[in-house]
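One structure is given below, encoded as structure tokens.
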Amino acid sequence: MSQPDDITTAAGQPKVTRAYDYIFLGAGLAALSLLMRMIRSGRFTNKSILLADRSPKKQNDRTWCFWEKTPGFFEEVVHRQWDTLSFFSDTCNADMPIAPYRYKMIRGIDLYNYCYDEIRKHSNIDLVYGEIENVKPEGAQVSFLLNGQQVYSGSAMVFSSMFIQKADNKHLRLLQHFKGKVIRTATSVFDTSKATLMDFRVHQHHGTTFAYMLPLENNRALVEYTLFTKELLQPAQYDAELDEYIRRWLQIDTYECEEEEFGIIPMTDEYFPFYHNGMYHLGSAGGQTKGSSGYTFQFIQKHSDRILQQLMAGKPLQDMKTTSRRFRFYDNTLLHVLYHNKLPGSRVFSTLFRKNKPQQVLQFLDNETSLGTELKLISGLPVWPFLKAALKQV
């Protein structure tokens, strides 16, 4: 049964809204990064756009941290930034100047408010909240339920950031999960000139585990406890481990907790195609989460830049290049090592930062190194565990 070339409800009911040229299912970082670029370009003012999500984003539900050499697309909402990073482990304790990079922090609520304030200025963009369900291809278009109503995309280009993993046992899957607190102390205890990237001095009983600390003021900091494991902890365990880290390693006995955040990021060797089932997939759903580390923010920004250039040039998005096979190979190899516990993650990251310039490691984690630099970095790691893992990938 053919459907009209329009956004309509099933069974001939009245239109949900006007016909659209672009539909975004999900309104998180990935969708906002692309949509804001479309707005700033000024090239889509005559296009109708639907942005749909479950509910308004009114809380600071997450923090994004990343590094870059120049002011970025969301520079206006960077909350803090540092040019020195600290690294701690049993074998490597160092304060590392990272120029020309700067390590940056963006609070989720600041980015949401910034984007939505701009989006509301544009009458060609409809922002709709409600449950999005049963998304699937329907002939030449996409159908989905929006607040219980059947909707058909018509000729609209559909972008989805709804993350779905296959229900199988064929892939390696770890979870990067974390609990963070913004704490305030009665006295000045934090050095605001440097941020702690990784602190592996915490116990490793659960698997690869580290803390990081971002000083916001001399008496305020975001402190986070992070794990790469197959299973989550019980809620009370995160608080206990955080409190222990703050007491033992930051030497703070009393503090006030201003905010809390909790998150889970998938780490997997599963391949997530950009185009699938009639939709273009963004963010983690489109393979923009680095499988071996969980880093996502900058990969989304680079992916959004490429999509925008294709759209403005009138070129098919299916022609876009996907993630380098070379870097997928590296990621899957390291993930195999971590998943099967062939080497502790603390040893892997300590070796990388102890034997190389921090700028090279950061560039490698951004998938921007040359083959020569990659061989140098990899050659410093223990040979046999990585060689065996690499042969599994081949």
Inset, instruction - Using a 1.4 Å probe and counting only protein heavy atoms, arrange PHE329, PHE88, PHE297 so the residue with the most accessible area comes first. - result: PHE329, PHE88, PHE297
Legend entry - About the Cα centre, charge dipole magnitude for the chain (Lys/Arg +1, Asp/Glu -1 at Cβ), debye: 1200 debye
Inset, instruction - Choose one answer from VAL348, VAL383, VAL202: the residue with the largest mean-square fluctuation in a GNM of the chain with alpha-carbon springs under 10 Å. - result: VAL383
Inset, instruction - Give me the number: length gained by fully extending ALA313 to TYR271, i.e. 0.36 nm times residue separation minus the C-alpha to C-alpha distance, one decimal in nm. - result: 12.4 nm
Inset, instruction - Measure out, as a whole number of angstrom, how far apart the alpha-carbon centroids of the range 160-223 and the range 319-394 sit. - result: 21 Å
Inset, instruction - Would you work out what percent of the accessible area of the chain, with all protein chains in place, is carbon or sulfur (probe 1.4 Å)? - result: 49 percent
Inset, instruction - Go from 0 up to the bin containing the longest alpha carbon distance in the range 70-174, width 10 Å each, and give me the % of pairs per bin. - result: 10, 22, 24, 25, 14, 5
Legend entry - Spin-label model distance (nm) - ASN341 vs TYR114, 7 Å beyond Cα toward Cβ: 4.2 nm
Inset, instruction - Taking only Cα atoms and a 10 Å spring cutoff, compute GNM fluctuations for the chain and point out the largest among ASP319, ASP191, ASP366. - result: ASP319
Inset, instruction - Using only the alpha carbons of the range 199-352, determine the length spanned along each of the three principal axes and report them from longest to shortest in whole angstroms. - result: 59, 37, 29
Legend entry - Solvent-accessible heavy-atom area per residue, rounded to whole Å², over the chain at 1.4 Å: 47 Å²
Legend entry - Tail fraction, Cα-Cα pairs, the range 190-284, threshold 18 Å, whole percent: 56 percent
Inset, instruction - Mind pulling the angle between the C-alpha long axis of helix 235-248 and the longest principal axis of the chain? Nearest 10 degrees, somewhere in 0 to 90. - result: 40 degrees
Inset, instruction - Take the Cβ-Cβ distance between THR254 and ASN93 as r, set R0 to 25 Å, and report the resulting FRET efficiency rounded to the nearest 0.05. - result: 0.45
Inset, instruction - Could you work out how far helix 383-393 tilts from the main Cα principal axis of the chain, as a 0 to 90 degree angle to the nearest 10? - result: 20 degrees
Inset, instruction - Set the Förster radius R0 to 45 Å, insert the Cβ-Cβ distance between ILE378 and HIS122 as r into 1/(1 + (r/R0)^6), and round the FRET efficiency to 0.05. - result: 0.45
Inset, instruction - For a quick protection proxy, order the peptides 193-201, 112-120 by their average other-Cβ count within 10 Å, most packed first. - result: 193-201, 112-120
Inset, instruction - Find out how many positive minus negative residues lie around ARG306, taking Lys and Arg as positive, Asp and Glu as negative, among other residues whose Cβ is under 13 Å from that of ARG306. - result: +2
Legend entry - Between 0 and 90°, nearest 10: helix 325-339 axis offset from the chain longest Cα axis: 60 degrees
Legend entry - Rounded FRET efficiency, nearest 0.05, which uses the C-beta distance separating THR70 from ALA140 and R0 of 35 Å: 0.25
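For SER55, what charge total do you get from the other residues with a beta carbon under 12 Å from its beta carbon, if Lys and Arg give +1 and Asp and Glu give -1?
0
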Legend entry - Cut-off 13 Å between beta-carbons: net charge of the residues surrounding GLU68, Lys and Arg +1, Asp and Glu -1: -1
Inset, instruction - On a C-alpha basis, how far is the centre of the range 33-75 from the centre of the range 249-301 in Å? Whole number, if you could? - result: 16 Å
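The values are calculated or read from the model by the stated rules, or taken from the named source; none is laboratory data. Predicted model only: the values in this text are computed from it and were never measured. Cβ sites come from the backbone with ideal geometry, for glycine too, and all protein chains shown count toward neighbours. Just so you know, the surface numbers come from the protein's heavy atoms only, side chains and all, with ligands and any DNA or RNA stripped out. Shrake-Rupley method; radii C 1.70, N 1.55, O 1.52, S 1.80 Å.
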